[in-house]
Amino acid sequence: MEKFLPSRYRVYVLSIAGLIVSLPLSVAYDLAYWVPAAFAVLALLGTYDLIQRQHTVSRNYPILANIRYFLESFGPEIRQYFIQSDTEERPFSREQRAIVYQRAKNTLDKRPFGSQLPMYEPGFEWMNHSLKPVEIVDRDFRIEIGKGCKQPYRASIFNISAMSFGSLSANAILSLNTGARLGGFFHDTGEGSISRYHRQPGGDLVWEIGSGYFGCRNPDGSFSEQRFVENAALDQVKMIEIKLSQGAKPGHGGILPGAKVTAEIAEARGVPMGEDVVSPAAHSAFHTPVELLEFVDRLRALSGGKPVGFKLAIGHPWEWFAIVKAMLETGRRPDFIVVDGGEGGTGAAPLEFINRLGMPLTEALLLVHNTLVGTSLREHIALGAAGKITSAFNIARTLALGADWCNAARGYMFALGCIQSLSCHSGHCPSGVATQDPRRGNKLDVTDKSQRVFHFHQNTVDALANLIGAAGLKHPSELGPEHIIRRVSKNEVQSYLDMYHFLEPGALLKGQTGHAVFDKYWPQADSSSFDPPQLIARLRETKLQ
């Protein structure tokens with residue numbers, strides 16, 4: 001039997017047989033027309049499977065293969081809700097998401113029966129407490145950015161990271177900005193520029209300018225001073241951030257298909273409606289480190305003296321060193337720098353970019369902080385950081401590594417109701433957060449979600465205050481590498497101070513670092529170019545190394 005009718009075809013054959021038998025019976029007795037209809041649908045599906053040529057599995061397993069595809073379609077949800085443990089981060093654990101949901105809803109965020117984390121496994125981290133804890137009354141922690149500017153800004157220690165209108169729905173942007181206004185923290189626009197939904201609530205904005213110069217571009221895609229001044233003059237815009245690269249897809253441009261360029265997106269970005277929009281991988285307004293700093297000064301002057309800085313994910317260390325050398329040689333410097341970790345990413349990016357491109361936040365932040373300390377520039381430049389920050393401990397460890405403040409994107413998405421369905425790129429976001437489908441996005445209630453954004457910020461900062469108070473500190477600025485402890489093996493622990501190499505102030509200027517990356521690449525970095533040093537250039541010319 002198997003030789004003449006393989007078992008993989010039997011469902012298809014039975015469907016045809018069922019149709020042949022049930023159809024006349026239904027007609028004769030005027031009963032159960034749905035039975036032959038069901039057999040007909042299965043028979044048609046099996047016939048299509050056999051004649052199509054794209055899916056070999058479907059041709060070999062007509063009808064049956066579709067069951068496999070159906071189950072595969074919600075495999076991530078099955079794993080997330082029924083298989084993964086509460087502490088397994090893929091990319092955020094259920095425990096991490098739950099604490100955001102509870103703080104956003106302003107409900108009880110306590111846990112019973114002790115930690116579920118593996119405290120004796122390498123990589124576990126904690127803070128040491130003090131026998132002389134401090135009660136912190138003023139919990140409105142702020143950092144002044146742009147101290148030498150005409151319009152400096154006092155930023156909250158925890159803010160909304162870059163997410164563009166176009167990636168997020170209109171109601172999501174409205175909710176985020178309303179929450180930012182209620183809580184007195186800033187909302188980074190993302191490179192999609194300032195939309196009507198950013199402006200309507202009136203919350204503080206950091207305007208991010210990417211290589212597409214959206215909101216400040218000429219028709220040919222180049223930078224427009226006139227358009228820049230129009231937006232930068234808005235009282236709502238507190239700072240301007242030049243995006244050099246981002247953690248999700250560093251060194252990668254993109255194309256927004258014309259079909260997705262709606263009237264509202266075209267209005268915000270200053271592009272023609274319905275036409276493809278290109279974001280180049282590199283900027284056209286500058287090409288060298290010195291030109292970058294000249295562009296920073298230019299934007300500061302055009303904005304009327306508002307703080308101007310840049311965001312970058314760290315890649316080749318000599319490129320970052322070249323920027324710092326340009327600061328030293330020209331006397332020009334940004335008011336702030338935001339370090340984006342390679343683990344970042346709210347939307348879609350190629351798998352290799354997500355997993356394998358760009359330096360993770362810990363190493364990136366250490367490199368940037370150490371370089372600024374080693375060149376005696378750190379006290380002049382405020383330092384922000386972003387990368388999987390959802391809790392008070394995440395903030396504390398990031399500040400201990402050298403940051404002045406933290407930004408979060410996905411944490412605030414969770415506050416909006418994101419369920420980590422991993423469908424941000426499809427337009428089918430079930431929570432109405434990462435979609436441009438109004439039938440989905442309009443279901444997101446702005447009044448409710450803006451309160452959740454506000455409460456998430458407030459309760460997370462309160463948790464940070466409790467954490468540092470228990471450690472005997474009065475302000476997050478007192479956090480240092482000595483406060484964070486990591487288990488490096490079953491029987492050994494180290495503080496960040498002992499684990500990582502921290503430069504002394506001015507050490508790079510004196511040529512005394514004792515750190516391989518600095519000793520190797522700092523002397524060869526060139527303030528006039530992002531090109532690799534001769535050592536690296538020679539290595540690229542041959543495999544005989």
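General observations
- Screening R486 against (1) more than 27 Å from the chain's Cα centre (by Cα); (2) part of a strand (DSSP E or B) leaves a single unmet condition, (1).
- Residue that is within 22 Å of L508 (Cα to Cα) and of a type in the set (G, A, S), where the choices are G374, G341, G304: G374
For every residue, the table says whether it meets (1) at pLDDT 85 or above; (2) open to solvent by 90 Å² or more (accessible area, probe 1.4 Å); (3) touching a strand residue (DSSP E or B) at 6+ places or on another chain (Cβ under 8 Å).
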| position | (1), (2), (3) |
| --- | --- |
| F39 | yes, no, no |
| D49 | yes, no, no |
| N60 | yes, no, no |
| P76 | no, no, no |
| Y81 | no, yes, no |
| S85 | no, no, no |
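- Selection of first residues in region 430-447 that are without any contact (Cβ under 8 Å) to a residue 60 or more places away in the chain and of second residues that are open to solvent by 30 Å² or more (accessible area, probe 1.4 Å), restricted to Cβ pairs under 6 Å at least 6 apart or on distinct chains, gives the following pairs, ordered by first then second residue: S431/I419.
Residues checked against (1) closer than 19 Å to A180 by Cβ; (2) under 16 Å from the mean Cα position of the chain (by Cα); (3) open to solvent by less than 10 Å² (accessible area, probe 1.4 Å):
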| site | (1), (2), (3) |
| --- | --- |
| G411 | yes, yes, yes |
| L416 | yes, yes, yes |
| I419 | no, yes, no |
| H425 | no, yes, no |
| A434 | yes, yes, yes |
| D437 | no, no, no |
| V446 | yes, no, no |
| H457 | yes, no, no |
| G469 | no, no, yes |
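- Of the candidates A155, A172, A162, the single residue that is touching a residue at least 60 places away in the same chain (Cβ under 8 Å), assigned to a loop (DSSP other than H, G, I, E, B) and within 23 Å of the chain's Cα centre (by Cα) is A162.
- Unmet requirement for K249, which otherwise passes all of (1) among the charged types (D, E, K, R); (2) surrounded by 14 or more Cβ atoms within 10 Å (Cβ to Cβ); (3) modelled with pLDDT of 95 or more: (3)
- Residue count for region 40-67 satisfying the condition of being in contact (Cβ under 8 Å) with a residue 40 or more places away in the chain, aliphatic (A, V, I, L, M) and part of a helix (DSSP H, G or I): 1.
- Flag for F502 being open to solvent by 30 Å² or more (accessible area, probe 1.4 Å), in contact (Cβ under 8 Å) with a residue 24 or more places away in the chain and outside any helix (DSSP H, G or I): yes
- Verdict on V229 being open to solvent by 30 Å² or more (accessible area, probe 1.4 Å), closer than 23 Å to L299 by Cα and of a type in the set (A, V, I, L, M, F, W, C): yes
- Qualifying residues in region 366-390 (those that are of a type outside the set (S, T, Y) and closer than 15 Å to I157 by Cα) - the one surrounded by the fewest Cβ atoms within 10 Å (Cβ to Cβ): L383
The values are calculated or read from the model by the stated rules, or taken from the named source; none is laboratory data. Predicted model only: the values in this text are computed from it and were never measured. Using ideal geometry, Cβ is built from the backbone for each residue, glycine included, and neighbour counts are taken over all protein chains shown. Surface areas here come from the heavy atoms of the whole protein model, side chains and all, with no ligands, DNA or RNA. Shrake-Rupley method; radii C 1.70, N 1.55, O 1.52, S 1.80 Å.
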